[in-house]
Structures are given as C-alpha cells and as structure tokens.
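A short write-up of the structure that comes next.
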Amino acid sequence: MLLSQILNADGTISVVAREGTEAAIVRGATSTYALASEALAQAKPLAEVIAARGLGEAVDLVALAAAGRLALPITHPDLTHMHLTGTGLTHLGSAATRDAMHAKLDGAETLTDSMKMFQMGLADGRPAAGQVGVQPEWFYKGNGHTAVAPGSALTSPGFALDGGEEPELAGIYLIDKDGTPARVGWALANEFSDHVTERINYLFLAHSKLREASFGPELLVGDLPADVRGASRIYRDGKAIFDKPFLSGEANMSHTFANLEHHHFKYALFRQPGDLHVHMFGTATLSFADGIKPQAGDVFEIQVDAFGLPLRNTLAIAPALSGAVTVKQL
C-alpha cells in the first residue's frame, strides 16, 4: 500500500491510499500522522486501520502532482517534534565516491577515514538478528521546518558552495507512548547536501548536511524489497544532464536497516513519545561524483516504480547574507 497527502482547496489535508493504479481518499482521515497514532493506540497494523475506515472518492495523483497539490506524505502537527537525520557510507559502491572526495591532495594518506568507516561497515554492519553491529556515520539535517514538499523547491542557502542531490531511501518512524519506535513506512528522499563544503574538510560534514530535504510523494507501507532499483536524474531546460541508476535496499548495502535503526534509536533523545522521525539511509549515486554542478532551476528527480510517483524538486538559491548574523543582548 502507498499513502500520500493531498492539499484541499480549503487548506485541509486528505490522505490517499493506493493499491496498484487505484488511488482513493481514506474516509475520515485528517492526516497520515493521525492514522499512525490511531494504529499505535489500537495496537493494530496501519493497513488494518485504513481498511476499517474504508476508501471514498477516487483521485488522480498524477494530475494532483501537476497541480502542485501533493504535500509531504506525513508531517508532525508541531514541526519541532519532527526530526530529519541520516546515515552515510552504508551502500556498496558509495565509498569510492566519498573516499575520492575526502582524499588528501598530497597522497600521503592511503586509507582515508571515510574508507576506514566503510570497511568497518563491511566487516560488522550486518549482525545477526538481535545483535548489534558497528555504528555508521550519522548526521543531523534539521527538524520539520527543513522538510520540503514534493514538487517544491529545495533552497540552497546564499552562503552555500553547492546544492546537490542525494537520492536515498528514508524510514518514517513514530514513537509510541512507551518510547518504542514504530516504523510507519518507507519513502524516497532527496537528502540535499553541500558536497563542495564537505570536500574542503571532512569535519565540515555537519555544516554540509544542515540543509533542506524532501521525501515522498508516496509512503510505502509494509515490507521493503531487498533490492530497490530506480534512477536519479537532473533536468536542465527540460533535458536530462544526469541520469544514473539508483540502487538501494539491503542487497546493495553494507549495513542492515535493523543495525542502522538501532544506532539511531539507541539515544533516548530520539525515543520521545509522539515524535516523528525521517531517517535517511545513504546512497551510492551522486551527480557530484560526475562533476555536475546543479544550477538554480534544475529539477532533481528520483524514480523507483515500487514507490509510485517520482520525487521531483527544483533547485533554488537564496540570496547571499548581507553580513554577519549578530546576536542581541537581553
């Protein structure tokens, strides 16, 4: 089942459920977050809660996307309680790109910290069920205020040196009243980053990741295929200037999802009841590695058939800061 949220003319949200090509409004549902909360409260699977409500009016998601009426597939009523985070160096093939990015120009270092961490994942990122493996690279992107709806612009700050796509899978989680994380589903995500800043020095990784991100438009409820295949593209003036395969899923990763989830939710900070988490799991495909420099107006597209509609976002660039940000004394 795929879930999405659409914007109504009066500003309210309707939830849409889709099986195959048939998409319809979930009766009485005011948001995906409310449906997930209801499922937790009733200790029932989300799909069962939706089935009990039933489906109403059929909708045309393609037409709604063209009209700009697709919202994020889930948000929190209080955006400060929605966390956007991620892990890197998790995909087979991603290390070469990242290692080249971080390699010292003088060639004195034969094994970078990136490659060391990638090798740690290869050695101990896939522990047996119930066991704990090595922790991955982890980063924070922001809260719900940095989440951008599908079809909307991802805005690069005026001080940024780059605004590049990172096509990824994201797990969507709602924390139950006892602090247990519950996975609502999976979504495509663009973990938008500043790769030029990161390349200057790996210790700038935290700065490079504090950017907007987008996910959706549809949320996959249920099991994720082990082998996820699609494409990552960039369009400029209607023509593709970048088009590469996008591979994810555990068959293409050096870590299991369970291991990555453990190392995020092992922190009590991330197990606060009612909080919503969008955790992005890394990528092996970057246009940056091919020397592409995205420009304002370019359109990022991530497409995987199993996730329904593709995730598209236009690149925008904010004006440069006029000077230093100052702090006032109270």
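Values quoted throughout were computed directly from the atomic coordinates according to the rules given, and no laboratory measurement underlies them. Note that the structure is a prediction, hence the values are computed from the model and not measured. Ideal geometry is used to build each Cβ from the backbone, glycine not excepted, and the neighbour counts take in all protein chains shown.
Before moving on, here are some points about what is shown:
- Each Cα pair under 8 Å and six or more residues apart adds its separation to the average, and for region 2-70 the resulting relative contact order is 32 percent.
- Between amide H atoms placed 1.01 Å from N, distances below 5 Å from L309 occur with E218, all of them 5 or more places distant or on a separate chain.
- Packing-based order for 281-287, 184-190, using average beta carbon neighbours within 10 Å, highest first: 184-190, 281-287
- Mean Cα-pair separation over length for the chain, i.e. relative contact order, pairs under 8 Å, 6 or more apart, %: 22 percent
- In the chain, helical runs assigned H by DSSP with n ≥ 4 each contribute -39500 (n - 2.57); averaged across all residues and rounded to the nearest 500, the mean residue ellipticity at 222 nm is -5500 deg cm²/dmol.
- Principal semi-axes of the equivalent ellipsoid, √(5λ) from the alpha carbon gyration tensor of the chain, are 31, 24, 20 Å from largest down.
- About its Cα centre, the chain has a charge dipole of approximately 380 debye under the convention of +1 per Lys or Arg Cβ and -1 per Asp or Glu Cβ, with nothing else charged.
- The chain: angle of helix 32-42 to the longest principal axis, Cα-based, in degrees nearest 10: 70 degrees
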